[in-house]
1. So which residues in the range 133-166 are in contact with a Gly (Cβ under 6 Å, 6 or more places away or on another chain) and either within 15 Å of residue 45 (Cβ to Cβ) or in a helix (DSSP H, G or I) (or both)?
2. Which residue, of 34, 11, 98, is out of contact with any strand residue (DSSP E or B) (no Cβ under 8 Å at 6 or more places or on another chain), assigned to a loop (DSSP other than H, G, I, E, B) and in contact (Cβ under 8 Å) with a residue 60 or more places away in the chain?
3. Identify, please: which residue in the range 16-31 is part of a helix (DSSP H, G or I) and either among the aliphatic types (A, V, I, L, M) or on the phi > 0 side of the Ramachandran plot (or both) and is, among those, surrounded by the most Cβ atoms within 10 Å (Cβ to Cβ)?
4. Kindly provide the set of residues from the range 33-68 that are within 18 Å of residue 92 (Cβ to Cβ) and either basic (Lys, Arg) or touching a Lys or Arg at 6+ places or on another chain (Cβ under 6 Å) (or both), ordered by number.
5. So residue 117 ticks every box in (1) under 22 Å from residue 1 (Cβ atoms); (2) modelled with pLDDT of 95 or more but one. Which box is left unticked?
6. List, please: which pairs have Cβ atoms under 6 Å, are six or more places apart or on different chains, and start with a residue in the range 145-163 that is closer than 17 Å to residue 30 by Cα and end with one that is assigned to a helix (DSSP H, G or I) and of a type in the set (S, T, N, Q)?
7. Would you mind telling me which numbered condition in (1) surrounded by 20 or more Cβ atoms within 10 Å (Cβ to Cβ); (2) under 13 Å from the mean Cα position of the chain (by Cα) residue 62 fails?
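The values are calculated or read from the model by the stated rules, or taken from the named source; none is laboratory data. Because the structure is predicted, anything quoted here is derived from the model rather than measured. Here the Cβ positions follow ideal geometry from the backbone for every residue, glycine too, while neighbour counts run over all protein chains shown.
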Amino acid sequence: MNKQGLDGFWDQFRQKYGVYLRLLEAMPADRYQDQPVPGLRSAAELAVHVSGTCVRDIAQGVATGSITADEGAEPRLAKELDKPGLIAFARQCFDEADVAVARIGEAELRAIVSTPWKNSWPGWVGFSIMNDEFVHHRGQLYVYARLFGVAPPFMWSYAENAAEFRPATVG
């Protein structure tokens, strides 16, 4: 992946993130702390993990050369945030990731990035991992939404996103 590829990836990811925000908004406030599947994260824990660790921390880590995510702090933060707080956190994390991605160039994409997961990889690999993690966990949230009696947003309904997450218009 080069900078042009990153820019295209990020534009597509921005639109996916808009659908993710709509999914978080659709979840019932009183179900965020539920664990519908024993041993798996609650919806709140998934939102904190996806928004913070998978999106913000990976983007910032590629920009700086070191991912410093603290997954151990996620459950505590998830318990502290109510639904509006979780959605605000998700939006803030995207904004911080967006700033980091704008700073990333060819050198950062080629540079080796250290991680808290006892491995390192070139910066461009971080975005592949980000996408894999995002899609995987968003799928979990789709299942939770259905278990909570909510129809999740159609996964490709980008035009229904908030303005800043809609497809860019040409012309």
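1. Listed by number, the list holds a single entry, 165.
2. The match here is 34.
3. Among them, the one singled out is 24.
4. Passing the criteria: 56, 63.
5. It fails just one condition, (2).
6. Short answer, once both residue conditions are applied: none.
7. For residue 62, the exception is condition (2).
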